[in-house]
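What follows is a set of notes on a single structure, which appears directly below.
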Amino acid sequence: MSLAAVLLLALGTGCSSGSSESGSSASDSGESGSSEKGRGTEKPGGRAGAKASATKGADGRPVDIVRAAVAKARATSARIDETVVTRGRGEEFTLSLAGPFDLATGKGKLSVDFPGGAVDHMDEVFSGGKVYLTRTDPKGHWAVIDRDKARAHSLLRAPLNDPEHVLRQASAIRDVSDRGTTTIDGRPVHLYGGTLDYRTLTLGLADERRKQVDTVRKAMGGGLPSSALVWVDEKGRPARVELSARLNTTDVTATMNLTDFGRPVKVRVPDASRTTPTDSVSGVLPG
């Protein structure tokens, strides 16, 4: 199996599912991104400006500032706009998703697009611990799966595109450094950069995919080059999260922008007569 194939397998085979498809090196050391321990407690930043509010965490350490920002986002709602870009074998694939999401209650709706794919669009509804995904056959019907049963099938893909998963990975950032102030769409932000360990990179990955990636990792000497960037706004919230990893000449970068914090999120759950329960999904669109 080639190194590129591990990351590009799902992209290269089109969209398929049993029920629903419509620099540093990461190592085994450190805690998983799923751990809730060690988060900083955010302190109010007031209106003193981006530099003041984005550089004061629990004890002023960059890692605590990032974790406090992530914790703040996970306690409210936001508009999510994300792209996952995979480059390898002289090709580039871009998947995008967008929609409002209440990260505190696990309720939201996302539109997922993969131009040029065998199936190029899917809608998702998150509600009550379930995720509903549009199906192409029969049209107008949905697959439904328990949110906590979902697994990803590509590196740095969140299971079912769950934005909370991306924030969990970001909160496990390591070797964090202060990269200074900048702007996003005219908004002042402070940038922090670090790395992800191997457990965090493969968080939520299906067992068979994890074994494939592990084989490649060992062939590369036991590490996967990775990076994590978090832009924190003047209210101490993550305005953007970017996670990247490389396998030899193949790269994947997930970039998630968060805006419209605190707005109410309303979703409509599909009627039970138009849903089909499933235990697993796969393919490009659901991850």
- Taking the stretch 269-287 and keeping only residues that are open to solvent by 60 Å² or more (accessible area, probe 1.4 Å), at pLDDT below 95 and within 25 Å of Ser96 (Cβ to Cβ), one is left with Ser280
- Query: For the subset of the stretch 133-177 comprising residues that are assigned to a strand (DSSP E or B) and in contact with a Gly (Cβ under 6 Å, 6 or more places away or on another chain), which member is least open to solvent (accessible area, probe 1.4 Å)?
  - Reply: Ala152
- Checked Leu203, Leu243 against criteria (assigned to a loop (DSSP other than H, G, I, E, B), crowded, with 18+ Cβ neighbours inside 10 Å, aliphatic (A, V, I, L, M) and within 14 Å of the chain's Cα centre (by Cα)); the one match is Leu203
- Query: Given Lys130, Lys107, which one is out of contact with any helix residue (DSSP H, G or I) (no Cβ under 9 Å at 6 or more places or on another chain), open to solvent by 50 Å² or more (accessible area, probe 1.4 Å) and not aromatic (Phe, Trp, Tyr)?
  - Reply: Lys107
- Message: Within the stretch 207-225, does at least one residue satisfy the condition of being at pLDDT 95 or above, open to solvent by 10 Å² or more (accessible area, probe 1.4 Å) and either hydroxyl-bearing (Ser, Thr, Tyr) or farther than 16 Å from Ala170 by Cα (or both)?
- Response: no
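The values are calculated or read from the model by the stated rules, or taken from the named source; none is laboratory data. Remember, it's a predicted structure, so these values are computed and weren't measured experimentally. Don't worry about glycine lacking a Cβ; one is built from the backbone with ideal geometry, like all the others, and counts go over all protein chains shown. Heads up: the accessible areas ignore ligands, DNA and RNA and are worked out on the full protein's heavy atoms, side chains in. Shrake-Rupley method; radii C 1.70, N 1.55, O 1.52, S 1.80 Å.
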